[in-house]
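Rule-based calculations on the coordinates, nothing more; no lab input. Keep in mind that this is a model prediction, so the values were computed, not measured. All Cβ positions, glycine included, derive from the backbone under ideal geometry; neighbour counts span all protein chains shown.
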Amino acid sequence: MPAILGRGDYRYRVEDKWGDLPEGWSYGEVAAVATDDQDRVYVFNRGDHPMVVFDADGTFLSSWGEGVFKRAHGLHYAPDGYLYCTDMGDHTVRKCTTEGKVVMTIGVPGEPSGFMSGKPFCRCTHSALSPSGDIYVSDGYGNACVHKYSGNGRYLKSWGECGTLPGQFNVPHNIWCDADGWVYVADRENHRVQVFDGEGRYETQWNNLHRPMAIFMPGGNCPYCLIAEAGPELQINRNYPNLGPRITIADKAGNHLATLGGVNAGNEPGKFMAPHGLACDSTGSIYVAEVSRSAWSVTFPDQPVPSDLRSLQKLVRLDD
């Protein structure tokens, strides 16, 4: 019997071992995933082939990005039909065609701005395109801010600093823009999602989350959003239940609708190790990217890494 996750209108069947890689290939681990208008699936990973492309059935189509990306982190398929690839190791965001041609690079490859400088970029994490065409970048591991650019890559402004007050960040790990132009930032180590207007003015925050790693809102008039949450990693609480890793489904006010996974970490179908990126296709199915190898050594420090450790899952939405 396949694993079934969720409740009510938000029930999903786990499609185990989705996606057939060519023989001898490995993801290493998957940092992010995206789907396009044709339900092709783009898997941004830390293996030898940074971008692997599948059709919706999991049939391998192509790969690209070899020799371009240093450490995959964030991926956004934007309404303009391009993929925005955030490279934490190279301190850049590259705008690419779906065939892999780089048409714009924001940031200077290999040149970080400086730890907590507030300037772009120092280990940036993710990017998002607004309805008006502006680009927002969360920055990230060496900074604690958000940067705003015009659609042609011209720097406009930044906001945020390290801290716990509204408008401050502790690892801004992911970012999303909705159809109304609101900007949502997964403020991971502050255990919240903060919501801003397009100019960076704080509006509200969503609490009752555990280390939110990613946020995804299906297109159109979205009635719900998905939040990927990491599990505990302190020695004292790494085995505590009901903290994650999990996916929370919430309405657009941040109210809880359903939870997928989350009792404890694991490699079994229906459990997660470290959900790090999310995407939905046109049917409502969810693709979950996981940095499982990094998480395994923290969560199970006394156990060897399984040879079949999973880093990508597909959750098929059930209609009945």
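List of remarks:
- Built amide H within the under 5 Å cut-off of SER62, gap 5+: VAL53
- Under 23 Å of direct C-alpha separation, and excluding same-chain neighbours fewer than eight residues apart, LYS17 reaches these lysines: LYS271, LYS314.
- Net charge of the neighbourhood of ASN152, taken over other residues with C-beta under 15 Å away and scored Lys/Arg +1, Asp/Glu -1, is +2.
- Residues in region 33-67 that a label on ASP16 would reach, taking backbone N under 19 Å of a point 7 Å out along Cα→Cβ: 58
- For the chain, size of Cβ-based charge dipole, Lys and Arg +1, Asp and Glu -1, in debye: 700 debye
- Among TYR27, TYR149, TYR240, the largest mean-square fluctuation in a Gaussian network model of the chain, built with springs joining Cα atoms closer than 10 Å, belongs to TYR240.
- Considering all C-alpha pairs of region 62-201, those separated by over 23 Å amount to 26%.
- Taking a sphere under 15 Å around the Cβ of THR105 and counting the other residues whose Cβ falls inside, with K and R at +1 and D and E at -1, yields a net charge of +2.
- Going by neighbour counts of Cβ atoms within 10 Å, the residues PHE115, PHE54 line up, fewest first, as PHE115, PHE54.
- DSSP-loop GluC sites (Glu not before Pro) across region 10-63, with at most 14 other Cβ within 10 angstrom: GLU23
- ALA295 sits among other residues whose Cβ lies under 15 Å from its own Cβ, and their net charge, with Lys and Arg +1 and Asp and Glu -1, is +2.
- For the chain, Kirkwood radius (reciprocal of mean inverse C-alpha pair distance, Å): 19.3 Å
- Label separation (THR283 vs CYS162): 4.6 nm, computed from points 7 Å beyond Cα along the C-beta direction.
- Global form of region 76-123, assessed from the alpha-carbon gyration tensor, a/c cut-off 1.5: prolate
- Every Cα-Cα pair in region 1-147 was counted, and those over 22 Å apart are 44% of them.
- Choice from SER292, SER158, SER117 with maximal GNM fluctuation in the chain (Cα, 10 Å cutoff): SER117
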